[in-house]
Amino acid sequence: QVQLVESGGGLVQAGGSLRISCAASGGTFSRYAMGWFRQAPGKEREFVAAWSGRTYYAHSVKGRFTISRDNAKNTVYLQMDSLKPEDTAVYYCAADLRGLGSQWAYEYGYWGQGTQVTVSS
């Protein structure tokens with residue numbers, strides 16, 4: 001059973017930076033594709049970034065956010081720079097044990113509980 005725990009969320013001013021983390025336990029982390037998604041109040045959950053041998057990003061965050069992973073620590077990170085108020089959301093990490101990864105939430109079988117990121121204007 002895979003468990004994912006996000007951390008590092010908080011309140012930051014617009015233009016600032018924040019790094020959130022997702023620690024995985026159970027299974028073989030290095031084989032998983034990992035994704036980050038977010039959900040703002042009243043909105044659908046949306047894709048942010050993913051790592052499945054290569055990285056890819058939502059258009060809205062490309063050039064500002066960076067996904068990375070440390071397989072020795074079973075952890076995936078999301079570095080968020082030049083934050084905007086519209087980045088405010090609960091951020092979730094997700095694992096695709098098949099190692100494929102995609103922008104589609106239904107491809108991911110395991111999810112963390114989420115971490116709140118709030119960007120003030």
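Computed from point charges on the beta carbon alone (+1 for Lys and Arg, -1 for Asp and Glu), the dipole magnitude for the range 59-116 about its Cα centre is near 100 Debye. Extension gain for residue 103-residue 70 works out to 9.8 nm (0.36 nm per residue, less the C-alpha to C-alpha distance).
When the GluC sites (Glu not before Pro) in the range 22-121 are filtered for DSSP coil states and for at most 14 other beta-carbon atoms within 10 Å of their beta-carbon, the remaining sites are 44. Other residues with beta-carbon under 9 Å from the beta-carbon of residue 64 carry, at +1 per Lys or Arg and -1 per Asp or Glu, a net charge of 0.
Protein heavy-atom accessible surface, 1.4 Å probe, per residue over the chain: 52 Å². Label point of residue 56 set 7 angstrom out along Cα-Cβ; within the range 67-88, amide nitrogens under 16 Å from it belong to 67. Electrostatic tally near residue 121: other residues with Cβ closer than 14 Å to its Cβ, Lys and Arg +1, Asp and Glu -1, net -1. Amide H contacts for residue 99 (H built 1.01 Å from N in the peptide plane; partners 5 or more residues away or on another chain; cut-off under 5 Å): 33. Close amide H contacts of residue 45 (hydrogens built in the peptide plane, cut-off under 5 Å, sequence separation of 5 or more or a different chain): none are found.
Relative to the Cα centre, what is the charge dipole magnitude of the range 1-65, using +1 at the beta carbon of each Lys and Arg, -1 at the beta carbon of each Asp and Glu, and rounding to the nearest 20 debye? Could the numbers behind the result be given before it?
Details: 8 positive and 3 negative charges, 37 e Å.
The dipole of the range 1-65 has a size of about 180 debye.
Take the Cα of residue 1, go 7 Å toward its beta carbon, and the backbone nitrogen atoms of the range 16-42 under 13 Å from that spot belong to 25-27.
Available extension along the chain between residue 118 and residue 81 is 12.0 nm, counting 0.36 nm per residue and deducting the alpha carbon span.
Split the accessible area of the chain by element, probe 1.4 Å, and carbon with sulfur accounts for 47%.
The values are calculated or read from the model by the stated rules, or taken from the named source; none is laboratory data. What you see is a predicted model; the values in this text were computed from it and never measured. Because the Cβ atoms are built from the backbone with ideal geometry, glycine has one as well, and the counts that use them run over all protein chains shown. Each accessible area value is taken on the protein alone, full model and side chains, heavy atoms only, with ligands, DNA and RNA left out. Shrake-Rupley method; radii C 1.70, N 1.55, O 1.52, S 1.80 Å.
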